[in-house]
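Visitor: Structure incoming, see below.
The values are calculated or read from the model by the stated rules, or taken from the named source; none is laboratory data. Bear in mind the structure is a predicted one, so any value in this text is a computation, not a measurement. As a convention, Cβ positions derive from the backbone with ideal geometry for all residues, glycine included, and neighbour counts pool all protein chains shown.
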Amino acid sequence: MDIYSSALSPALDIGTGCYLFVLAVLSILGNLLVLFMAFKRSSKMKPPELLSINLAVTDLGAAVTMYPLAVASAWNHHWIGGDVTCIYYGLAGFFFGLASIMNLTILAIVRFIVSLDLNSPKEKISWRKVKMLCLCSWLYALLWALFPLLGWGRYGPEPFGLSCSLAWGQMKHEGFFFVISMFTFNFIIPSVIIFSCYFGIAIKLYYTYKNSLNCNQIPNIVKLQRRLLIIAVLISVGFIGCWAPYAVLSMWSILGDSNTIPPEVTLLPCMFAKSSTVYNPIIYYIFSQNFKREVKQLRWLCLPSNPSHVNDNCIYLVSAGIKPKETARSTLHEIMESKAETLD
């Protein structure tokens, strides 16, 4: 039996290829747009912004290195390239997936640290520290992605035949400890950290607002942080939610009998997980007014219209814009605006 032959119907193969093609286009265009906007304001960037750029790079990397091969294989009704491209595809998916969830974990921790003192104008994290954290996330992901090549775990085709990942069904015995370790350190623990940090931020914002009802300025910081919290939580929940069904199905393949699962059923969680690279630019566009204005400003490249002024002091993942005020600023207001620029 050819393990790289599609177990799906020809019509479903074509549909899967079309779906992946749309994901590839949306992911590449959306994340390139995020990187382009970041490049436009690179001289005004703050250290935490590198985390949003790093996340866009991981999503873009997955879309560019994986989706074209998957689309071609789906339309070919057979995996293209055999063992070599299967290992490459599995390694790339594992690598970029781990880099993304590690980046989201670091982001949650940084957001929590920043929220500890909302009134301080001082930078909570330096450029050097952010760069080191981003580098560590990449090295950590690379280390785990190389483990199957070194004999701990293995890569192989998915049951439906048009994708490759960790060979879950083949690791029931010799790779069981690898699977348990991988799920614990790369899914469960990061998820707990992410939700704990954002829960802590929500509690902090609640008490900050409750204790500042008599002040007219502090609630502005709370509103800013609340918007940032919504964006960050949606991105984290979107990623974890996309991968959770695939994680459950993978664990079932290890603990149960994977042969009882129809190929069409194994296809759905896999395709849902791949959609995680598309959501972030959409979330930025919906919830960040500055990002939306900058996107609309790009129409001057195609249409003979004058672009409107855009506030460049904005970060789409770790900050949001505040409308400037023309009234005299108190000391507390200066602190608030300085803080907004630090996060913004």
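Visitor: Against the definition (within 19 Å of the chain's Cα centre (by Cα), under 27 Å from residue 233 (Cβ atoms), aromatic (Phe, Trp, Tyr) and crowded, with 22+ Cβ neighbours inside 10 Å), how does residue 112 come out, yes or no? Spell out the reasoning first.
Guide: Numbers: within 19 Å of the chain's Cα centre (by Cα): yes; under 27 Å from residue 233 (Cβ atoms): yes; aromatic (Phe, Trp, Tyr): yes; crowded, with 22+ Cβ neighbours inside 10 Å: no.
Spelling it out, it is not the case that residue 112 is within 19 Å of the chain's Cα centre (by Cα), under 27 Å from residue 233 (Cβ atoms), aromatic (Phe, Trp, Tyr) and crowded, with 22+ Cβ neighbours inside 10 Å.
Visitor: In the range 56-70, how many residues are among the aliphatic types (A, V, I, L, M), surrounded by fewer than 18 Cβ atoms within 10 Å (Cβ to Cβ) and touching a helix residue (DSSP H, G or I) at 6+ places or on another chain (Cβ under 6 Å)? Spell out how you get there, then give the answer.
Guide: First, pick out the residues of the range 56-70 that are among the aliphatic types (A, V, I, L, M): 56-57, 60, 62-64, 66, 69-70.
Add one more test, that the residue is surrounded by fewer than 18 Cβ atoms within 10 Å (Cβ to Cβ), and what stays is 64.
Next, only the ones that are touching a helix residue (DSSP H, G or I) at 6+ places or on another chain (Cβ under 6 Å) stay: none.
The number of residues fulfilling the criteria is 0.
Visitor: Only one of these is over 24 Å from residue 241 (Cα atoms) and over 23 Å from the mean Cα position of the chain (by Cα): 143, 150. Name it. Spell out how you get there, then give the answer.
Guide: Numbers: 143 fails: over 23 Å from the mean Cα position of the chain (by Cα).
Just one listed residue meets the conditions, 150.
Visitor: While we're on this one: Can you pull out every residue in the range 71-85 that is touching a Pro at 6+ places or on another chain (Cβ under 9 Å) and either buried (at least 24 other Cβ atoms within 10 Å of the Cβ) or of a type in the set (Gly, Ala, Ser) (or both)?
Guide: Looking only at the range 71-85, we keep the residues that are touching a Pro at 6+ places or on another chain (Cβ under 9 Å), and these are 77, 79.
79, the sole residue that qualifies.
Visitor: Helices (runs of 4 or more DSSP H) wholly in the range 244-343 with at least 1 residues that are at pLDDT below 85 - which ones?
Guide: 279-287, 289-297, 331-343
Visitor: Only one of (1) surrounded by 13 or more Cβ atoms within 10 Å (Cβ to Cβ); (2) of a type outside the set (Ser, Thr, Tyr); (3) out of contact with any Leu (no Cβ under 7 Å at 6 or more places or on another chain) fails for residue 134. Which number is that?
Guide: (3)
Visitor: Of the residues that make up the range 74-88, is at least one among the charged types (D, E, K, R), modelled with pLDDT of 90 or more and under 26 Å from residue 263 (Cα atoms)?
Guide: Filtering the range 74-88 down to residues among the charged types (D, E, K, R) leaves 83.
Cutting the leftovers down to modelled with pLDDT of 90 or more gives us 83.
Okay, now just the ones that are also under 26 Å from residue 263 (Cα atoms), so 83.
Scanning the range 74-88, I find at least one residue that is among the charged types (D, E, K, R), modelled with pLDDT of 90 or more and under 26 Å from residue 263 (Cα atoms), so the answer is yes.
Visitor: Of the residues in the range 18-52, how many are surrounded by 20 or more Cβ atoms within 10 Å (Cβ to Cβ) and small (Gly, Ala, Ser)?
Guide: 4
Visitor: From the residues in the range 225-264 that are closer than 13 Å to residue 101 by Cα and either without any contact (Cβ under 8 Å) to a residue 24 or more places away in the chain or of a type in the set (D, E, K, R) (or both), which one is surrounded by the fewest Cβ atoms within 10 Å (Cβ to Cβ)?
Guide: The qualifying residue surrounded by the fewest Cβ atoms within 10 Å (Cβ to Cβ) is 241.
Matching residues to (1) touching a strand residue (DSSP E or B) at 6+ places or on another chain (Cβ under 9 Å); (2) outside any helix (DSSP H, G or I):
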site	(1), (2)
96	no, no
104	no, no
112	no, no
130	no, no
142	no, no
156	yes, yes
173	no, yes
180	no, no
185	no, no
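Visitor: Let me ask something additional. Would it be correct to say that residue 14 is in a loop (DSSP other than H, G, I, E, B) and either β-branched (Val, Ile, Thr) or surrounded by fewer than 22 Cβ atoms within 10 Å (Cβ to Cβ) (or both)?
Guide: Working: in a loop (DSSP other than H, G, I, E, B): no; either β-branched (Val, Ile, Thr) or surrounded by fewer than 22 Cβ atoms within 10 Å (Cβ to Cβ) (or both): yes.
Spelling it out, it is not the case that residue 14 is in a loop (DSSP other than H, G, I, E, B) and either β-branched (Val, Ile, Thr) or surrounded by fewer than 22 Cβ atoms within 10 Å (Cβ to Cβ) (or both).
Visitor: Condition test on residue 169, is it of a type outside the set (A, V, I, L, M, F, W, C) and either assigned to a helix (DSSP H, G or I) or at pLDDT 90 or above (or both)?
Guide: Numbers: of a type outside the set (A, V, I, L, M, F, W, C): yes; either assigned to a helix (DSSP H, G or I) or at pLDDT 90 or above (or both): yes.
Yes.
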